[in-house]
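This report refers to the structure that appears directly beneath it.
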Amino acid sequence: MRTFDLNLARVFVLLYETGSVTATAETLHVTQPTVSYSLGKLRRHFDDELFRRTGRGLTPTAGARRLYEPLRRALTEIDGTIRQAEDFDPATMPGRFTLALSDLGEATLLPRLLAAARERAPRASFIVRPLDVDDAEQQLRRGDLDAFVATPVLTSHRTVRIPLFLERYVGMVAADHPRIRGEAVTMAELAAEHHATVFGPSGHVAPRTLLAAHELLDRVVVDATRFSMLPYLLEQTDLIAIVPEYVGEVFTTSRRVRLVRLPFETEPIEVALYARHESSRSPSQRWLVQFMAEVLGERVSPAQLPPYAVGPDQPARPV
């Protein structure tokens with residue numbers, strides 16, 4: 001320990017989690033040559049290359065993988081000890097956060113998040129970017145995002161996945177659909193109707209997968225890019241769409257649509273929050289992740305939300 005600077009441990013953990021000299025330097029507010037110099041000292045100390053440069057950034061060696069968890073735990077304990085002096089106070093401090101959400105997240109989760117933030121962090125502001133599941137982890141690593149919410153399971157040693165809640169799928173039709181009248185749709189009805197689906201970068205592929213599994217893709221007449229357009233489309237047509245249940249419940253509070261049970265079981269999907277590892281977060285980012293997990297992890301009926309949280313043109317009403 002007499003020959004090892006604990007600051008090198010922080011450089012190592014950040015390099016491991018970000019895979020980038022640039023992102024590590026930005027997080028530590030130092031220059032890139034400083035990080036490169038520290039990496040050289042780490043390599044000499046451990047007599048290991050530690051990271052190899054590839055097309056995806058810095059890839060850890062087997063030796064680095066063995067070192068990461070013990071060093072990360074040690075830094076987390078040290079940070080926890082001194083964090084009281086560095087805590088972000090949401091009631092008095094400004095915070096500017098950048099999130100990535102799908103259009104479903106913008107329509108159903110963002111209003112809840114902002115309603116809570118107005119009470120708990122009145123000086124906080126949010127920049128919301130469209131979710132691209134193929135690039136979101138890289139954006140998080142580069143510091144372009146503070147957090148994102150997604151349904152696909154993304155596995156990376158550079159990010160933390162925090163489960164929020166489970167969703168199941170239901171059918172959604174116009175409130176006055178001419179043929180589908182009851183609380184459930186039969187397999188014959190599903191096969192006879194025309195469908196609207198969504199295909200885009202948000203990663204919500206399950207509805208199309210379900211239709212494909214039951215050989216119903218040929219019944220799709222509209223394949224759009226955003227889920228949030230579905231209630232506007234369905235209330236004026238006789239189409240049917242498969243949507244996550246909570247999302248559908250929110251849509252029914254502001255549009256003339258209703259939900260029906262599907263004639264088959266669907267695998268629940270888990271909506272999750274993604275962020276950098278705690279040791280790589282700033283004090284304000286630590287607060288943000290805890291805040292989002294608490295607010296979005298609580299399942300709230302749309303009828304409990306304030307009117308502005310469920311639709312700008314109609315007040316909330318019970319489902």
Original post:
So, of the residues in region 122-148 that are free of Cβ contacts under 8 Å to residues at least 60 places away in the same chain and among the β-branched types (Val, Ile, Thr), which turns out to be farthest from SER282 (Cα to Cα)?
Top reply: VAL128
**OP:** Tell me which of these PRO70 doesn't satisfy, since it passes every other one: (1) in the same structural domain as ARG10 (by TED's automatic domain parsing); (2) touching a residue at least 24 places away in the same chain (Cβ under 8 Å).
**Re:** (2)
**OP:** Please enumerate the residues belonging to region 121-143 that are in a loop (DSSP other than H, G, I, E, B), closer than 25 Å to PHE227 by Cα and in contact with a strand residue (DSSP E or B) (Cβ under 7 Å, 6 or more places away or on another chain).
**Re:** LEU131, VAL133
**OP:** With the condition kept exactly as written, say whether any residue in region 226-235 is without any contact (Cβ under 8 Å) to a residue 60 or more places away in the chain, buried (at least 17 other Cβ atoms within 10 Å of the Cβ) and assigned by TED's automatic domain parsing to the domain that holds VAL128.
**Re:** no
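Does ASP48 satisfy the criteria of being farther than 21 Å from GLN138 by Cβ, surrounded by 14 or more Cβ atoms within 10 Å (Cβ to Cβ) and more than 26 Å from the chain's Cα centre (by Cα)?
Details: farther than 21 Å from GLN138 by Cβ: yes; surrounded by 14 or more Cβ atoms within 10 Å (Cβ to Cβ): yes; more than 26 Å from the chain's Cα centre (by Cα): yes.
Taking the combined requirement at face value, the residue satisfies it.
Does at least one position in region 88-102 carry a residue that is out of contact with any Gly (no Cβ under 7 Å at 6 or more places or on another chain), of a type in the set (Asp, Glu) and under 22 Å from GLU17 (Cβ atoms)? Show your work before the answer.
Going through region 88-102, the residues out of contact with any Gly (no Cβ under 7 Å at 6 or more places or on another chain) turn out to be 89-102.
From what's left, of a type in the set (Asp, Glu): 89.
The next check asks that each one be under 22 Å from GLU17 (Cβ atoms); those that pass are none.
No: region 88-102 contains no residue that is out of contact with any Gly (no Cβ under 7 Å at 6 or more places or on another chain), of a type in the set (Asp, Glu) and under 22 Å from GLU17 (Cβ atoms).
In region 100-120, what residues are outside any helix (DSSP H, G or I), of a type in the set (Gly, Ala, Ser) and touching a residue at least 60 places away in the same chain (Cβ under 8 Å)? Don't jump to the end; show me each part of the working.
First, the residues of region 100-120 that are outside any helix (DSSP H, G or I): 100-102, 109.
Those still in the list that are of a type in the set (Gly, Ala, Ser) too: 100, 102.
Of everything in region 100-120, just one residue is outside any helix (DSSP H, G or I), of a type in the set (Gly, Ala, Ser) and touching a residue at least 60 places away in the same chain (Cβ under 8 Å), namely SER102.
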Original post:
If the Cβ limit is 6 Å and pairs must be 6+ apart or interchain, which residue in region 237-249 that is over 12 Å from LEU210 (Cα atoms) pairs with which residue that is assigned to a strand (DSSP E or B) and modelled with pLDDT of 90 or more?
Top reply: LEU239/ALA196; ILE240/GLY171; ILE240/VAL173; ILE240/HIS195; GLU245/VAL170; GLY248/VAL170; GLY248/MET172; GLY248/LEU259
Subject >> Test for LEU28: is it within 17 Å of HIS277 (Cα to Cα) and modelled with pLDDT of 90 or more >> reply: no
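Taking PHE264 as the residue in question, decide whether it is aromatic (Phe, Trp, Tyr), surrounded by fewer than 18 Cβ atoms within 10 Å (Cβ to Cβ) and either over 13 Å from MET172 (Cβ atoms) or out of contact with any helix residue (DSSP H, G or I) (no Cβ under 6 Å at 6 or more places or on another chain) (or both). Don't jump to the end; show me each part of the working.
Values: aromatic (Phe, Trp, Tyr): yes; surrounded by fewer than 18 Cβ atoms within 10 Å (Cβ to Cβ): yes; either over 13 Å from MET172 (Cβ atoms) or out of contact with any helix residue (DSSP H, G or I) (no Cβ under 6 Å at 6 or more places or on another chain) (or both): yes.
Taking the combined requirement at face value, the residue satisfies it.
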Original post:
Quick one: VAL185 ticks every box in (1) in contact with a strand residue (DSSP E or B) (Cβ under 6 Å, 6 or more places away or on another chain); (2) more than 20 Å from GLU265 (Cα to Cα); (3) surrounded by 14 or more Cβ atoms within 10 Å (Cβ to Cβ) bar one, so which box is it?
Top reply: (2)
**OP:** Tell me which residues, restricted to region 116-140, are surrounded by 15 or more Cβ atoms within 10 Å (Cβ to Cβ) and more than 14 Å from the chain's Cα centre (by Cα).
**Re:** ALA116, ALA117, ALA121, ALA124, PHE126
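The values are calculated or read from the model by the stated rules, or taken from the named source; none is laboratory data. Predicted, not measured: the structure shown is a model, and the values here were computed from it. So basically every Cβ, Gly included, is an ideal-geometry build from the backbone, and we count neighbours across all protein chains shown.
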